[in-house]
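Novice: The structure is given below, and queries will be raised subsequently.
The values are calculated or read from the model by the stated rules, or taken from the named source; none is laboratory data. Given the structure is predicted, the values throughout are model-derived calculations rather than measurements. When we count neighbours, we look across all protein chains shown, and the Cβ atoms used for this are built from the backbone with ideal geometry, even at glycine.
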Amino acid sequence: MAANRLLIVSNRLPVTARLSDGRVRLTSATGGLATGLRPWHERSDGLWVGWPGDVSRLTADQRTDLDRELAGRGIVPVHLAAEHVDRYYHGFSNGVVWPLFHYLIDRVPIDATGWGAYQQVNELFADAVADQYRPGDTIWVHDYQLMLVPALLRARLPEARIGFFLHIPFPSSEVFRLLPWRERLLDGLLGADLVGFHTFDYMRHFVAALLHLKGLETDIDRVRVDQREVRMGVFPMGVDARRFTELAEDPDVAAEVAEIRREAGGRRIILGVDRLDYTKGIPRRLHAIQRLLTAEPELRDRVRYIQVAVPSRGEVDSYRRFKRQVEENVGRINGLCGTVRSTPIHYMHRSVSMRQLVALFVAADVMLVTPLRDGMNLVAKEFVASRVDEDGVLVLSEFAGAAAELNGAIVVNPYDVQSVTESVRQALALLPEERRARMRTLRDRVCEYDIHAWARGFLTQLEALRPDGGTVVLQSPETLTHALADARQAAGVRLLLDYDGTLVPIVRSPELAAPDEALLRLLERLAASPGLQIDIVSGRPRPTLEGWLGELPISLWAEHGLWHRDGREGTWRTAVRVDPDWSRRILPILEHFTARTPGSQIETKTASLTWHYRRAPKEFGLRQAQDLRVHLTDALSNQPFEVIEGKKVIEVRPRGVSKALVARRVQDEAEPGVRVIALGDDRTDEDLFAALAPENVTIAVGHRPSCARFRVDDHKAVRELLASFLDAFPERAARAASGGPVTDAPAPPARSR
Ligand code: ADQ
């Protein structure tokens with residue numbers, strides 16, 4: 001990490017500028033992002049590129065002052081005109097993207113504007129970064145205001161290593177597609193080498209959007225775009241747990257806690273701390289409190305609800321309206337439920353210091369974090385990090401990203417107001433031992449996966465990527481030549497060859513892939529070469545392979561290694577036992593999809609069911625395949641089956657049957673000194689590659705992501721490569737070519753028994 005600089009790019013900077021006695025002063029921001037990335041920023045001697053806020057009221061001297069101060073801290077300001085800020089930041093980012101990505105579609109204005117300004121400001125950011133960039137630097141772009149920056153940077157810096165992290169949810173593709181500029185935003189993000197999300201759900205939604213809107217097929221956590229590979233990953237953001245722990249142990253904070261409790265006069269304290277944002281679920285939460293106080297009037301003098309609301313985005317209309325709504329709600333409930341002795345809701349519309357915040361966290365009996373949607377929600381984690389006393393109960397919305405991690409919280413649906421009321425009641429009634437047990441579980445997670453673990457996780461993965469964006473460690477063609485020459489020196493070579501896509505091109509219908517004469521001839525000559533043994537390792541059923549290749553003196557593996565036939569011996573043997581009834585419940589699902597998808601068909605084998613959709617309409621077929629895969633993966637998650645995606649096929653098979661079986665057997669049986677060379681083009685070949693010892697030669701065919709050491713373009717290149725073996729093992733090949741007998745060949749050294 002040390003040699004490369006880190007360029008962090010975010011809308012806001014980790015400092016805020018203030019004027020004091022006519023001079024510009026910078027104070028460090030305390031937000032999660034600033035805390036988490038500051039050490040990386042400083043350690044790498046890197047730069048932070050961002051908008052320093054409105055500087056229009058500064059004099060020319062003060063601006064120079066500001067820029068100098070910023071430069072001293074490794075910060076590069078992107079100054080934006082007021083008009084830009086209004087349209088790009090308030091208009092598009094916060095007015096359109098924010099509500100839509102939080103599923104609050106009604107909040108998106110009918111005349112959504114600001115797209116032009118959004119593009120222009122993203123260009124300004126990309127220019128600012130490109131100006132600073134030096135080869136070897138790592139660029140990390142943050143959040144929804146800058147989603148076009150990765151692609152704009154990719155155009156300017158094709159070789160750069162670029163990461164992007166989205167701090168808010170990526171919505172379901174059904175919601176994302178409402179956005180008129182949806183493809184442009186996806187294109188923007190795909191400029192990155194690594195796109196990070198807080199949860200698997202967000203990543204899954206992104207994957208679905210790529211498929212539905214751009215027809216891009218992903219391979220679990222990666223997708224090929226042009227000649228590059230883009231990785232996706234899940235990195236749940238944490239908080240600076242140590243800092244919160246230290247503050248909670250600070251005597252001044254303890255004094256403040258005592259003061260808050262004294263003030264509450266023995267009442268139990270329920271706490272809410274949020275930015276004043278309509279996504280945070282404040283009105284419904286207040287409503288839940290109202291229900292509680294109405295249903296149990298005796299609680300009115302026994303609990304106090306403190307709501308801290310940090311002012312936010314006051315420039316946006318909907319936020320102003322929202323603020324009024326919250327204030328009215330608070331007034332109404334206090335009017336209804338107040339008593340002579342008590343005002344049940346204490347509402348503070350202001351920012352509080354970190355110390356005060358921690359004091360509130362520690363003083364609370366119940367913490368209510370009930371957003372309607374939230375990318376992660378750091379407040380929930382900050383509360384946990386502050387509870388060194390292992391007390392306090394967290395009530396957490398199931399729609400906060402944090403809910404995917406925070407085992408130990410009472411999880412609620414914030415739209416179900418009655419259940420929130422019940423959860424508060426439950427939280428107040430928990431016994432101390434249970435509170436402690438829950439808080440311990442929560443603290444284990446929050447303290448271990450803190451903000452530093454988050455930054456380290458993302459940057460380590462990004463750093464591991466190659467500067468050209470490919471993550472596959474492939475060696476140059478010369479090295480392949482070298483590796484092959486080396487293998488030819490071995491005591492013997494065993495060639496493990498996939499069939500479809502490797503020896504013959506992929507065709508529209510599986511039955512049209514019969515071998516041509518040239519291929520048969522090539523395989524025959526190879527099989528006749530001393531020291532060479534040929535194995536065809538295919539997903540095809542036995543009769544097909546036997547019909548096409550059964551006359552050759554080569555070894556056949558059908559159905560991914562479930563069946564094996566040695567040479568011309570003619571007897572098939574199984575490697576594993578499979579319950580003949582295994583597919584009874586899966587077949588109807590495939591039939592259902594086949595009926596809905598014209599051109600698709602099912603192939604049934606002993607140990608697999610395959611759904612082919614090559615002949616289905618392109619986009620529709622992809623969408624159906626995605627649906628089928630999601631459906632099968634869900635349906636079979638606890639079953640001993642696996643769902644595998646190949647080229648335009650989805651296959652289900654009993655777990656344990658894979659080409660890895662072949663790799664293991666071949667290696668177990670090989671004579672010492674025999675080298676394996678494996679070639680394949682499909683996802684199923686990855687199992688084979690992965691199971692081979694590293695001294696063997698693995699070659700991926702085509703340009704899909706692969707763990708193979710080498711790559712060749714297509715089946716033609718495979719045939720050329722195989723033909724080159726005839727020169728290396730010439731002796732008996734010549735006899736085979738001249739029509740001489742080949743059957744009296746001495747057994748190749750690596751022959752299986
Ligand atoms: P936010 O929507 O801002 O962040 P959140 O994650 O809760 O939401 O962070 C809020 C921050 O503000 C916390 O660090 C909190 O301590 C601070 N804060 C809250 N009330 C305060 C107060 N009264 N005074 C001072 N500080 C206060 C976005 C996404 C989230 C995601 C984060 C990080 O919306 O879902 O968790 O980014 O990725």
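Novice: Within region 523-541, track down each residue that is assigned to a helix (DSSP H, G or I) and either crowded, with 20+ Cβ neighbours inside 10 Å or of a type in the set (Val, Ile, Thr) (or both).
Specialist: Residues satisfying the conditions are Leu523, Arg525, Leu526, Ala527.
Novice: Same structure, new question: So, in region 305-331, exactly how many residues are touching a helix residue (DSSP H, G or I) at 6+ places or on another chain (Cβ under 8 Å) and either among the aliphatic types (A, V, I, L, M) or over 28 Å from Ser93 (Cβ atoms) (or both)?
Specialist: Summing the residues that are touching a helix residue (DSSP H, G or I) at 6+ places or on another chain (Cβ under 8 Å) and either among the aliphatic types (A, V, I, L, M) or over 28 Å from Ser93 (Cβ atoms) (or both) in region 305-331 gives 7.
Novice: May I ask you to list pairs of residues, at least six apart or on different chains, whose Cβ atoms are under 9 Å apart, with the first in region 592-611 being under 29 Å from His564 (Cα atoms) and the second being among the acidic types (Asp, Glu) and part of a strand (DSSP E or B)?
Specialist: Glu603/Glu651; Ser608/Glu651; Leu609/Glu603; Leu609/Glu651; Thr610/Glu603; Thr610/Glu651; Trp611/Glu603; Trp611/Glu651
Novice: Is one or more of the residues making up region 162-172 surrounded by fewer than 24 Cβ atoms within 10 Å (Cβ to Cβ), more than 16 Å from the ligand (Cβ to nearest atom), within 19 Å of the chain's Cα centre (by Cα) and assigned to a helix (DSSP H, G or I)?
Specialist: No - not one qualifying residue is present in region 162-172.
Novice: Then there's this: Among residues belonging to region 266-295 that are under 17 Å from Pro344 (Cβ atoms) and free of Cβ contacts under 8 Å to residues at least 60 places away in the same chain, point out the one that is farthest from the chain's Cα centre (by Cα).
Specialist: The qualifying residue farthest from the chain's Cα centre (by Cα) is Gly266.
Novice: Scan the strands (runs of 3 or more DSSP E) fully inside region 350-448 and keep the ones with 1 or more residues being free of Cβ contacts under 8 Å to residues at least 40 places away in the same chain and either surrounded by fewer than 24 Cβ atoms within 10 Å (Cβ to Cβ) or under 25 Å from the mean Cα position of the chain (by Cα) (or both).
Specialist: Answer list for region 350-448: 393-397, 410-412.
Novice: Please count how many residues of region 225-244 are under 21 Å from Pro150 (Cα atoms) and more than 15 Å from the chain's Cα centre (by Cα).
Specialist: Qualifying residue count for the region: 4.
Novice: One residue is enough: does region 44-55 have a residue meeting the conditions within 30 Å of Arg355 (Cα to Cα), out of contact with any helix residue (DSSP H, G or I) (no Cβ under 8 Å at 6 or more places or on another chain), within 16 Å of the ligand (Cβ to nearest atom) and modelled with pLDDT under 85?
Specialist: no
Novice: Still on this structure: Which numbered condition in (1) within 30 Å of Cys707 (Cα to Cα); (2) in contact with a helix residue (DSSP H, G or I) (Cβ under 7 Å, 6 or more places away or on another chain) is the only one that Asp226 fails?
Specialist: Of (1) within 30 Å of Cys707 (Cα to Cα); (2) in contact with a helix residue (DSSP H, G or I) (Cβ under 7 Å, 6 or more places away or on another chain), only one is false for Asp226: (2).
Yes/no matrix, rows are residues, columns are (1) at pLDDT 95 or above; (2) in contact with a Lys or Arg (Cβ under 7 Å, 6 or more places away or on another chain):
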{"residue": "Ile162", "(1), (2)": "yes, yes"}
{"residue": "Ile168", "(1), (2)": "yes, no"}
{"residue": "Phe176", "(1), (2)": "yes, yes"}
{"residue": "Glu183", "(1), (2)": "yes, yes"}
{"residue": "Gly188", "(1), (2)": "yes, no"}
{"residue": "Gly191", "(1), (2)": "yes, yes"}
{"residue": "Val207", "(1), (2)": "no, no"}
{"residue": "Arg222", "(1), (2)": "no, yes"}
{"residue": "Val225", "(1), (2)": "no, no"}
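Novice: Still on this structure, I have one more. Just the residues that are more than 21 Å from Leu33 (Cβ to Cβ) and either β-branched (Val, Ile, Thr) or not in a loop (DSSP other than H, G, I, E, B) (or both), please, taken from region 127-161.
Specialist: If the condition is that a residue be more than 21 Å from Leu33 (Cβ to Cβ) and either β-branched (Val, Ile, Thr) or not in a loop (DSSP other than H, G, I, E, B) (or both), then Asp127, Ala130, Asp131, Ala151, Leu152, Arg154, Ala155, Arg156 are the ones that fit.
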